[in-house]
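The values are calculated or read from the model by the stated rules, or taken from the named source; none is laboratory data. Everything numeric here is computed off the predicted structure, so don't read it as measured data. Heads up, the Cβs are rebuilt from the backbone with ideal geometry, glycines too, and the neighbour counts pull from every protein chain shown. The area values use the complete protein model at the heavy-atom level, side chains included, leaving out ligands, DNA and RNA. Shrake-Rupley method; radii C 1.70, N 1.55, O 1.52, S 1.80 Å.
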Amino acid sequence: MNIATAPQPFSANDYKSDYKPVWCPGCGDYSVLLAFTKAMAQLQRPPEEIAVISGIGCSSRIPAYTNCYGFHGVHGRALPVGTGLKVARPELTVIVAGGDGDGFSIGGNHFLHACRRNIDITYIVMDNRVYGMTKGQPSPTTEPDWDSALAPGGTGLRPFHPLVIALASGANFVARGFSGDPNGCADLIVQAVRHPGFSFVEILSPCVTFRPDQREWGKMVHAAPVNPTDDAARAARRIMTDDGFNTGVLYAGNRAPFRPQTAPAAGLDAIEAEFAL
Amino acid sequence: MNRDNAAIQSLSFAIVGSGGAGVMTAGQMLLDAAARAGLCGLMSRSSGPQIRGGEAAALLRLASTQVESHGDRFDVLLAVDWQNAHRFASEIPIDARSFVVGDPAEGAVPEAFSAAGARIVPVPLKAIAKKVPGGRPNMVALGALGALAGIGAETLARAIEATLQKGGEALKSSLAAMQAGMAAVAEAGVSLPRLAAGQAAGRWTITGNEATGLGAVRGGVRFVAAYPITPATEILEWLSSALPRVGGTLVQAEDELASINMAIGASYGGVPSLTATSGPGLSLMTEALGLAVAAEIPLVVVDVMRGGPSTGIPTKSEQADLNIALYGLHGDAPHVVVAPNSIADCLPATQWAVHLAETLQVPALVLPDQSMGQSRIVLERPASLPLAGARLVAEPETANYRRYALTPSGISPMARPGTRGTAYTADGLEHSERGIPSSQAGDHLAQLDKRARKLDHADYSRYWAEIEGEGDVAVVTWGSCTAPVREALARARAEGVKARLVSLRLLAPAQPERLAAALAGVRRILVVEQTHSGQFHRYLRAAFDLPCETRVFHRAGPLPMRPGEIHSKIVKELAA
Amino acid sequence: MTAGGERRYSVQEFYALLYAMEHEAAERYDELANQMETHNNAPVASLFRELAAIERKHAVKLQSHGQSVQAIRPRDLLLGASFELPETAPLDRAHYLMTPAHALALALENEEQAARCFDALAAAAPDDEVRKLAADMAAEEHRHAALIRAKLAGLPEPPADWDQDLDPPRFSE
C-alpha cells in the first residue's frame, strides 16, 4: 500500500471555513465536520462543486463551517432542498446533513421518500438521541426510559430504527459510523458519495451536554464483523439483530438512481402551437 | 341573448347530466366548435363530489368577443338527465326567456328549474341516440346546442373529429348523433339570436391553469416541484410534459412541505423554480416562504384559491386566501403577491411574478382562483412580454464576496453553486452580510432594511394594475371579480354612469401612491371582492390611503360573481 | 501496539507516517484551541495553541525530508485500539471548562502513547535505518512527555467541581 502520494490540490483544511463552530467542546459533531473535510479531500472534489444542505439543530449548523456552498434551511426540510438542488444541478455533489430530530421526527416523511426516490445524494445524520438546541428533549431515537423535563421518567416509546427504515424505504447505501472515529467516518462518507443513488450514513455522535452517558459509546462501538451486502433482506436481518453499535457499510445496493423525465427538445413555439385552434 | 349587457353579445348554455353522461365532453366540443366558427367563449365546470359518476355541469358562455366570466343568466339549460341536477340551480340561473331542453323520458323538469317559467323544449335525447348505432345522448345534445348557437354541422363535426382522433365507428356514430340533435332542434322550432363571428385563425383555447403554466415557462421557470391538489393540479400536469421539452424538470414531492423546499433548493442552485398549490398546501408552505424571504431565494408559488377554510370547497372558487398570502408569513417578511385579473391574464401575471421573483430574489405568490384555473377560454394568441427577469449573479472569484451585501438597491449578487471563489451558506437564520448567523441588532436591522428596500425600489409601473375609464367614482377590485366588474361597469356607463375601474394586479408590496394617483379626483369608490369577511377592503384600509368615501361589496363564494349583482351595487352605491 | 507495529515501513514511508502524526497532532491542538477560544476559555486556548505550534514545527521539519504526504490516510496507520493516530488528542476529551492541567494531562497522554508507538515500531523495524529513526523518535517523545510531566507538576490540581456551570445550558434555536 502506498501511504505517501504525490501532492494533491485539496487538503482537508480547504473544505473548512474560517467560521468557528459553536458546538460544545467534546461534541461528536466536531469529528463529523473533520470527517467530512477529510472525505472531501480524499474525493478531491473542488469545494465549490459541493453543496452541504441542512435543516435545524446543532448538527445542522454544519454547512457554514465548510468552505463549500451551503444551505441552512428550516427544521426538517433539508432533504427536499437537497433533492431540488440535485435534480436541478446534477453535476454538483450534494451532501445533506443534520440530526436525529430534524431527520427522523419533523423530517421523517422526507426521509422515507428520499430513500424511495433514490436521488444520487448523501445523507449524513449525526444521531445523539436528543434535541440539543432546545435543551435536551427526547428524539425519535431516544431510549424509552431516558428521563427529561419534557418526558419525566422517559417516553416509553420504542426508538425509531433509521437504518432499517432506510433499507425498507429503498436507500441504496446504508452505513453506520461513530464520531469518535473521524477517519472511519471519512471513509464511510467517501464510499457513500461514490455509491450511486441515495446513501444514508448514520453517525453516532455523542451529546456531551445533555447525554453525558454517551461518552461511553467509544467503548461500545465495534466494526461490523461482516462485509457489506447487496441483499437488502440480509442487511435488514443483520441491522435489526445487531446491538446498534455495529459500524461500517451495512448495505450497498444496486438500484438505479432517480432519473428525471426527459423528452425530445422542443421550442416554446412548438409547445404554444398546441393551444392554437 | 344577454340583452341586459351593452358590452358583450353572448349566449350562455348549461349542460347537466350524471353518471358518465358525457356532458363535459359535449361542452368541450361545443366550445371548440364555437371557436372554430369564429366565436369566443368560456367554459367552466361544476360537479358533485364523486370522482366518477356524479352529477356534472358544463357551463358555457359564447360571445362575439373575448369573455372572461359568466353572465347573469343562461339562455339554455340542457339536461341529459335530471339526477341531482337541482344542486346546480343556484349556479345556473334561468328565467322566462330561457329554454330548458330535457328528455321527457328522464322525467319532469325539477321544481328548482321549472319555477323560473322558462320555455320547456322536450327533446327525446335517449330515443334519438338509440336510433343511431352506437349513438350517445351527449352527442345528440351537442347537435341540439350547436344548432341553437348557430354553429354549422360541418364545424361541429370538426370539433368531434378533433376529439375522437382515432376515428372509426365511435366517430361515425357521434357525427350521426350530433346531426340528429340538430334536426331535433329544427323540428322543435326554437332558435336564438345569432352571434357575430370573427376570425378563428390565430386564436387559442386555453385554461387558466394552462396559461399559468405557460406563463411560468415563458418567464424562464425550469424546475417545478409538484404535490397534487385541486384545483391547481392541472398546472402541474401541464408543466410535467412541457418542462422536459424545454430542458426543465418536474419532480413529484411527498407533500407541500417538500415541494416548496425542493423548489427552494433548485432555485438556490440557480434554476428559476415554481410550485403550485391551493389553500391547504399554501398553509403548509408558509414557513418555507419565510425561508425564501430570509435567504433571498427567488421562488414562485401559485395558489389557485378555492373555498376555505380547511378543506373547504376544493372544487369551487373564492378569493379568501388573500390574507394568508399577504400576512401568512411570520416575522417582517416582505414578499410579492401578484394576482391575475382574468383567465387570460394568468399567463402574463405569472410571467411577471417569475420576473419579479428572479430580479428581486424574493418569493412571489400568484393568486388565481378555481374559477380562473379550471375554466377554458377562447382568446387571441397572447402577446410576448418584454420580461426576461434574470437574477443578479455573482462573478467567479469575487474578492471578499458577501452574499447579503448591503447594496443601495438592496439586491446583492447571488452566487451560483459551482462558481469558484464565491461559496457561501444561504441561511434562514438572521445573518451578517457574509451570511454568518447573527443575532446582533445591527445585522438584523440592516438585513430587514435590505430586504424591504429591494421591493420598495422595484419598478412595478407597467403592470401593477389595470386602470380603465373616467369619472369621479370608481370600482376597486382584483382577481376574478375584475371581469364581472368590467361588464357591470359597461352597463352602468351605457346608463350614463361615469366610473373608473381599478383592478390591482400587484397586491404586495402595496402601492398606495399609485392607487392614490389612479383615484385622483374620485369622490367615492366601491370595493368588490369575493370574500366573506372583506379581506381586500380591510387591506386597502390598512395599507392604502383611500382618498374618498368607500363602499364595499363583498360576499363569499362559491357562486361566481355576476355582473348583475355588481351592477346593482354600482347603481346603488356609486350612481347616487 | 499492533497494526502499525507489525507493518514494515520503508524509510520514506516512515517519514510519511511521522509527518502525518505530527501534522494531525498540530491540527488537532489548533482545533481545540479554536474551540476554547469560541467558548471563552482563554488560558486553555493559548495552551493548546502552544502545543499546536510545537507539533507543527516537527511537521515542517519532517516535510523537509522531501516527501509530501497530504493525502495520507491515517486510518491505514492506526496503532492499537485508538481511533486516531497516537499523538492526536481525541476531540471528545474536550470540555469548555477544562483547566490547563486537564489540557496538559491530555497532551501527556498523547506523548506517552506516541512514545510507546515508536518503541514498538523500533522493536519491529525490518532495517537498521528505520529502527534507528523509530528509536530516535521514541526518545524524543519520551523527552516531551517528561517535559510536560514536569510542567503539569507545577500546576494546581483542578478543583473537584471544575465542570460545574452555575447556569443551565442555553436555548439556541
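Here are the numbers for the structure shown:
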item: Scan of the range B:248-265 for residues that are out of contact with any Leu (no Cβ under 6 Å at 6 or more places or on another chain) and more than 7 Å from chain A (Cβ to nearest Cβ), ordered by number; result: B:GLY248, B:GLN252, B:SER259, B:ILE260
item: Criterion: of a type outside the set (S, T, N, Q), part of a strand (DSSP E or B), open to solvent by 20 Å² or more (accessible area, probe 1.4 Å) and more than 22 Å from B:ASP456 (Cβ to Cβ) - qualifying residue of B:ARG486, B:ARG500, B:ARG493; result: B:ARG500
item: Filtered residue count, the range A:180-213, keeping only those that are in contact with a Leu (Cβ under 8 Å, 6 or more places away or on another chain), farther than 22 Å from C:ALA25 by Cβ and either in a helix (DSSP H, G or I) or at the interface with chain C (Cβ under 10 Å from one of its Cβ atoms) (or both); result: 3
item: The lone exception for B:PRO104 - which of (1) more than 12 Å from B:MET182 (Cα to Cα); (2) open to solvent by less than 40 Å² (accessible area, probe 1.4 Å) it fails; result: (2)
item: Test: B:GLU466 is open to solvent by 10 Å² or more (accessible area, probe 1.4 Å), assigned to a loop (DSSP other than H, G, I, E, B) and in contact (Cβ under 8 Å) with a residue 24 or more places away in the chain; result: no
item: Residues that are of a type in the set (D, E, K, R) and in contact with a Lys or Arg (Cβ under 9 Å, 6 or more places away or on another chain), drawn from the range A:200-233; result: A:GLU202, A:ARG211
item: Filtered residue count, the range A:168-179, keeping only those that are under 24 Å from A:TYR15 (Cβ atoms) and either within 12 Å of another protein chain (Cβ to nearest Cβ) or touching a Leu at 6+ places or on another chain (Cβ under 8 Å) (or both); result: 5
item: From the options A:ASN67, A:ASN109, residue that is within 7 Å of chain B (Cβ to nearest Cβ), under 29 Å from B:ALA415 (Cα atoms) and open to solvent by 10 Å² or more (accessible area, probe 1.4 Å); result: A:ASN67
item: Options A:GLY136, A:GLY132; residue that is of a type in the set (Gly, Ala, Ser) and either surrounded by 24 or more Cβ atoms within 10 Å (Cβ to Cβ) or without any contact (Cβ under 8 Å) to a residue 24 or more places away in the chain (or both); result: A:GLY132
item: Some residue of the range C:46-58 being in contact with a helix residue (DSSP H, G or I) (Cβ under 9 Å, 6 or more places away or on another chain), at pLDDT 95 or above and closer than 30 Å to A:MET220 by Cα; result: yes
item: Flag if B:THR286 is in a loop (DSSP other than H, G, I, E, B) and either open to solvent by 10 Å² or more (accessible area, probe 1.4 Å) or over 18 Å from B:LEU360 (Cα atoms) (or both); result: no
item: Failed condition for C:ALA103, given (1) within 14 Å of chain A (Cβ to nearest Cβ); (2) without any contact (Cβ under 8 Å) to a residue 12 or more places away in the chain; result: (2)
item: Residue in the range A:81-99 that is buried (at least 24 other Cβ atoms within 10 Å of the Cβ), of a type outside the set (Val, Ile, Thr), touching a helix residue (DSSP H, G or I) at 6+ places or on another chain (Cβ under 9 Å) and assigned to a loop (DSSP other than H, G, I, E, B) present; result: no
item: Residues that are under 16 Å from A:MET126 (Cα atoms) and either polar (S, T, N, Q) or open to solvent by 50 Å² or more (accessible area, probe 1.4 Å) (or both), drawn from the range A:160-194; result: A:PHE160, A:HIS161, A:SER179, A:ASN183
item: Some residue of the range B:216-228 being open to solvent by 40 Å² or more (accessible area, probe 1.4 Å) and more than 20 Å from the chain's Cα centre (by Cα); result: yes
item: Extreme residue, nearest to C:LEU108 (Cα to Cα), among residues of the range C:134-172 that are charged (D, E, K, R) and either in contact with a Cys (Cβ under 8 Å, 6 or more places away or on another chain) or away from every other protein chain (no Cβ under 14 Å) (or both); result: C:ARG149
item: Qualifying residue in the range B:225-246 (condition: within 7 Å of chain A (Cβ to nearest Cβ) and assigned to a loop (DSSP other than H, G, I, E, B)); result: yes
item: Test for B:THR286: is it more than 14 Å from every other protein chain (Cβ to nearest Cβ) and among the polar types (S, T, N, Q); result: no
item: Residue that is surrounded by the fewest Cβ atoms within 10 Å (Cβ to Cβ) [pool: residues in the range B:194-207 that are touching a strand residue (DSSP E or B) at 6+ places or on another chain (Cβ under 8 Å) and more than 10 Å from every other protein chain (Cβ to nearest Cβ)]; result: B:GLY198
item: Among (1) in contact (Cβ under 8 Å) with a residue 60 or more places away in the chain; (2) open to solvent by 50 Å² or more (accessible area, probe 1.4 Å), the one test that B:GLY152 misses; result: (2)
item: The range A:214-229: number of residues that are surrounded by fewer than 20 Cβ atoms within 10 Å (Cβ to Cβ), within 13 Å of chain C (Cβ to nearest Cβ) and within 30 Å of A:ILE119 (Cβ to Cβ); result: 1
item: All positions within the range A:27-60 that are in a helix (DSSP H, G or I) and at the interface with chain B (Cβ under 8 Å from one of its Cβ atoms); result: A:PRO47, A:GLU48, A:GLU49
item: Qualifying residue in the range C:75-82 (condition: of a type in the set (Gly, Ala, Ser), free of Cβ contacts under 8 Å to residues at least 40 places away in the same chain, in a loop (DSSP other than H, G, I, E, B) and within 14 Å of chain A (Cβ to nearest Cβ)); result: yes
item: Any hit, the range B:347-357, residues being surrounded by fewer than 24 Cβ atoms within 10 Å (Cβ to Cβ) and small (Gly, Ala, Ser); result: no
item: Residue in the range A:268-277 that is touching a strand residue (DSSP E or B) at 6+ places or on another chain (Cβ under 7 Å), assigned to a loop (DSSP other than H, G, I, E, B) and at pLDDT below 95 present; result: yes
item: Residue match in the range C:112-129 (condition: more than 14 Å from chain A (Cβ to nearest Cβ), in contact with a Leu (Cβ under 6 Å, 6 or more places away or on another chain) and hydrophobic (A, V, I, L, M, F, W, C)); result: yes
item: Qualifying residues in the range B:107-134 (those that are outside any helix (DSSP H, G or I) and closer than 30 Å to B:LYS172 by Cβ) - the one most open to solvent (accessible area, probe 1.4 Å); result: B:PRO133
item: Residue in the range B:43-58 that is at pLDDT 95 or above and open to solvent by 10 Å² or more (accessible area, probe 1.4 Å) present; result: yes
